[in-house]
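Working notes, beginning with the structure itself.
The values are calculated or read from the model by the stated rules, or taken from the named source; none is laboratory data. Keep in mind that this is a model prediction, so the values were computed, not measured. Cβ atoms come from the backbone with ideal geometry, glycine included; neighbour counts cover every protein chain shown. Heads up: the accessible areas ignore ligands, DNA and RNA and are worked out on the full protein's heavy atoms, side chains in. Shrake-Rupley method; radii C 1.70, N 1.55, O 1.52, S 1.80 Å.
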Amino acid sequence: MIQNNYLVVMAGGVGSRFWPFSRNNYPKQFHDLFNTGKTLLQQTVDRFNGIIPNENILVVTNKKYKDLVLRDLPFLSNDQILLEPEGRNTAPCIAYSCYKIYKKNPISKIIVAPSDHIITNEISFQKIVQKVFSNVSEKKELFLLGIKPNRPDTGYGYIQYDVEGNSDIKKLIAFKEKPNTQTAKKFLSDGGYLWNSGIFLFSASSIVDGFKKYSPDLHEIFEAGENYYWTEKEQNFIDKVYPNCNNISIDYAIFEKADNVYVLPSEFGWSDLGTWKSLYELSEKNTDSNVLDGNIVTYETSKCIIKMPQDKLVVVHGLENYIIAESNGVLMICNKDEEQRVKEFVADAKAKFGNKYL
């Protein structure tokens, strides 16, 4: 029944690879990157219409983003916004939300989704989610959506699955770290490999059992909150225990250890919108293959993404394959092929100027 379906949206990240547009006080999930009229967070929640009731949506975010969440999703109650005192990666985030859901509805089924991904074929996505929900049983499998790769991308983690059998749902064999180009090409030629979407589905009882078996430290921390969830004492409890959580992903904490993980090879126009280059690839381009946002005039300029404040006129001449972005007093000009250095830029800016430009 749909009343037992829950959505957990992870919306606490800073998105530093999108600096200077994504900042500590205003991360990318709260931006409308494609000028659609909706932020990434709003788009994430909207694609679950008809699958998850509004009252069963929980958003996990940092304390300082509560007002931004309410701005985007004003229908949420305070109980539906889970406030982390500090970021501790995805395992504590998921544990907190799932133990809270389990307290209220122990027979619930839960999907966990990041707030900053792009899905272009939402009809296919909804069909796949409903199919997996129908296969989620109370005490058994943990599910992960895997994306059929269409190129040897080195920016994604991969998962290997058992290709045998007639079922669409496959047994997971192993997680693979982000590969080099040669390894990524081999994954594609061998078959049986998918991109790790970071979208998880399970019953509340199965994920609680998973924490108990594979991550007993987190199980102990969040099980102790049973009498506090959904009460006025919840936030004080979380503020007290959260710093004691290991900084660990759900992949490492549970999914790589568990023997009951299954994947559904999927295609629904998915992209982990993690970098400027990914934004460039997904955006509409002009005849010079430029992505332009702002009052911009270009000459002999191609394959660039230029995102500027609306109160400036920007003239660009003679550049190819560049990122040019300005936001809140920071201008960055960087070759697209060197965008992995954005985190380095952020670290250096912090070392020289403190948190002023972060």
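Only one residue in PHE202, PHE255 is of a type outside the set (Val, Ile, Thr), under 23 Å from ASP79 (Cα atoms) and surrounded by 18 or more Cβ atoms within 10 Å (Cβ to Cβ), so which one is that?
Being of a type outside the set (Val, Ile, Thr), under 23 Å from ASP79 (Cα atoms) and surrounded by 18 or more Cβ atoms within 10 Å (Cβ to Cβ) holds for just one of PHE202, PHE255, which is PHE202.
For residues that are surrounded by 14 or more Cβ atoms within 10 Å (Cβ to Cβ) and polar (S, T, N, Q), tally how many sit in the stretch 165-188.
Number satisfying all stated conditions: 1.
With respect to being at pLDDT 95 or above, of a type outside the set (Ser, Thr, Tyr), crowded, with 21+ Cβ neighbours inside 10 Å and over 20 Å from the mean Cα position of the chain (by Cα), GLY210 fits the description.
Considering (1) open to solvent by 40 Å² or more (accessible area, probe 1.4 Å); (2) touching a residue at least 60 places away in the same chain (Cβ under 8 Å); (3) part of a loop (DSSP other than H, G, I, E, B), the lone condition that ASP32 does not fulfil carries the number (2). Counting residues in the stretch 51-72 that are within 16 Å of ASP272 (Cα to Cα) and in contact (Cβ under 8 Å) with a residue 12 or more places away in the chain gives zero. Please work out if ASP288 is among the acidic types (Asp, Glu), more than 14 Å from HIS117 (Cβ to Cβ) and in contact (Cβ under 8 Å) with a residue 24 or more places away in the chain. In short, no. Restricted to the stretch 117-218, the set of strands (runs of 3 or more DSSP E) holding at least 2 residues that are of a type in the set (D, E, K, R) comprises 170-176.
Kindly evaluate GLY12 against the criterion of being open to solvent by 20 Å² or more (accessible area, probe 1.4 Å), in contact (Cβ under 8 Å) with a residue 12 or more places away in the chain and not in a helix (DSSP H, G or I).
yes
One residue stands out among those in the stretch 309-358 that are modelled with pLDDT under 95 and of a type in the set (S, T, N, Q): the one that is nearest to LYS285 (Cα to Cα), which is GLN310.
Only one entry of ASN150, ASN105 meets the criterion of being under 26 Å from TRP230 (Cβ atoms) and either open to solvent by less than 60 Å² (accessible area, probe 1.4 Å) or not aromatic (Phe, Trp, Tyr) (or both), and that entry is ASN105.
The set of residues in the stretch 110-132 that are open to solvent by 10 Å² or more (accessible area, probe 1.4 Å), in contact (Cβ under 8 Å) with a residue 12 or more places away in the chain and either closer than 18 Å to VAL8 by Cα or of a type outside the set (S, T, N, Q) (or both) comprises PRO114, ASP116, HIS117, ILE118, ILE119, GLU122, GLN126, ILE128, GLN130, LYS131.
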